[in-house]
Amino acid sequence: MDDNSNTCSSAEEQISEIFEEYINPGLASHGGYASLSRLELFNGSWIVRIKFFGGCVGCPSATAGTLKMIEMCLRDEMSAPGLVVKNVEQEYL
């Protein structure tokens, strides 16, 4: 495994913990949750692709405000100011 694979693996674990501890409890109060779909390192910044489930699927907030909240939380918790979060459901719209 190369250094990039090790870095991604470690970041994936950290992101999963952040979702479990901070993000999904709030989404659960609306009957939904989100999870990491894919993680990429591009020009030194993380691109986090997530997928929504349950009550979050199709919710207008999930495409704007909730997505930005998740991005801000991950940036803060991971000390990664360039991190970008994308909803995989919207990638081809």
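The values are calculated or read from the model by the stated rules, or taken from the named source; none is laboratory data. As the structure is a computational prediction, the values presented were derived from the model and not from experiment. Neighbour counts run over all protein chains shown; Cβ positions are idealised from the backbone, glycine included. Accessible surface areas use protein heavy atoms only, side chains included; no ligands, DNA or RNA. Shrake-Rupley method; radii C 1.70, N 1.55, O 1.52, S 1.80 Å.
What's the angle, to the nearest 10 degrees (0 to 90), between helix 3-18's Cα axis and the longest principal axis of the chain? Here the helix axis deviates by roughly 30 degrees. Taking all protein chains into account, the per residue accessible area for the chain stands at 61 Å² (1.4 Å probe). Given the alternatives (1) 15.8, 55; (2) 12.9, 40; (3) 13.7, 41, Rg and Dmax of the Cα atoms in Å as computed for this entry is given by (2). The heavy atoms of R38 offer some 100 square angstrom of accessible surface to a 1.4 angstrom probe.
In this label model, V88 and T63 are separated by 1.9 nm, measuring between points 7 Å along each Cα→Cβ vector.
Among the GluC sites (Glu not before Pro) found in the stretch 14-93, those both in a DSSP coil and sparsely packed, with 14 or fewer other Cβ atoms within 10 Å of their Cβ, are E91.
The calculated FRET efficiency for the pair S29 and T7, based on their C-beta separation and a Förster distance of 22 Å, comes to about 0.10. Approximating the spin labels as points 7 Å out from Cα along Cα→Cβ, the D76-to-R49 distance works out to 2.7 nm. Karplus-derived 3J(HN,Hα) values for the stretch 36-46, using 6.51 cos²θ - 1.76 cosθ + 1.60 with θ = phi - 60°, are 5, 9, 7, 10, 10, 10, 10, 6, x, 10, 7 Hz; glycine and proline are entered as x.
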